[in-house]
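Report on the following structure.
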Amino acid sequence: MITVQTIQDKLRQKPGVSASIQFYDMADRYFLTIGAYHQELSDSDAKRLLSELQTDKQSILTTKNNHPALLITNKKH
């Protein structure tokens, strides 16, 4: 299971890279993307992460393909 801590750890390992959680219509799935890293997410994991990260100072909540999406920047608070 992907956690917020997992995402933050991966971002720390890749300075200057952002992460995103978004729905891809062709795959009918959510994916977490950090640079070249891609992880398929279950709907429940995606919704949990979107909920947990929506108030994070590094996150920007948006919509992509008519689904909630999130961009997580890799900058210090």
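Only the Cβ atoms of Lys and Arg (+1) and of Asp and Glu (-1) were treated as charged; on that basis the dipole of the chain about its Cα centre amounts to roughly 420 debye. Contact order for the stretch 24-75, expressed relative to its length and based on alpha carbon pairs under 8 Å spaced 6+ residues apart, stands at 23 percent.
Applying 1/(1 + (r/R0)^6) with r as the Cβ-Cβ distance of Ser44 and Ser18 and R0 = 30 angstrom yields a FRET efficiency of 0.80. When the residues Met1, Met26 are ordered by accessible surface, computed with a 1.4 Å probe over the protein chains alone, the sequence from largest down reads Met26, Met1.
For the chain, the longest principal axis of the alpha carbon atoms and the long axis of helix 43-53 meet at an angle near 40°. Take the Cα of Ile60, go 7 Å toward its beta carbon, and none of the backbone nitrogen atoms of the stretch 1-22 fall under 11 Å from that spot.
Take the Cβ atoms of Leu71 and Met1, set R0 to 25 Å, and the FRET efficiency comes out at 0.70. With the convex hull constructed from alpha-carbon coordinates only, the stretch 1-43 shows a mean projected area of 3.1 nm² over all directions.
For the chain, the longest principal axis of the Cα atoms and the long axis of helix 4-13 meet at an angle of about 50 degrees.
Solvent exposure of the chain amounts to 64 Å² per residue of accessible area, where only protein heavy atoms count and the probe is 1.4 Å. The residue list Val4, Asn74, His38 was ranked by how far each Cα lies along the charge dipole of the chain toward its positive end, using unit charges on Cβ atoms, and Asn74 comes out on top.
The values are calculated or read from the model by the stated rules, or taken from the named source; none is laboratory data. Bear in mind the structure is a predicted one, so any value in this text is a computation, not a measurement. Quick reminder, even Gly has a Cβ in these numbers, built from the backbone with ideal geometry, and neighbours come from all protein chains shown. Surface areas here come from the heavy atoms of the whole protein model, side chains and all, with no ligands, DNA or RNA. Shrake-Rupley method; radii C 1.70, N 1.55, O 1.52, S 1.80 Å.
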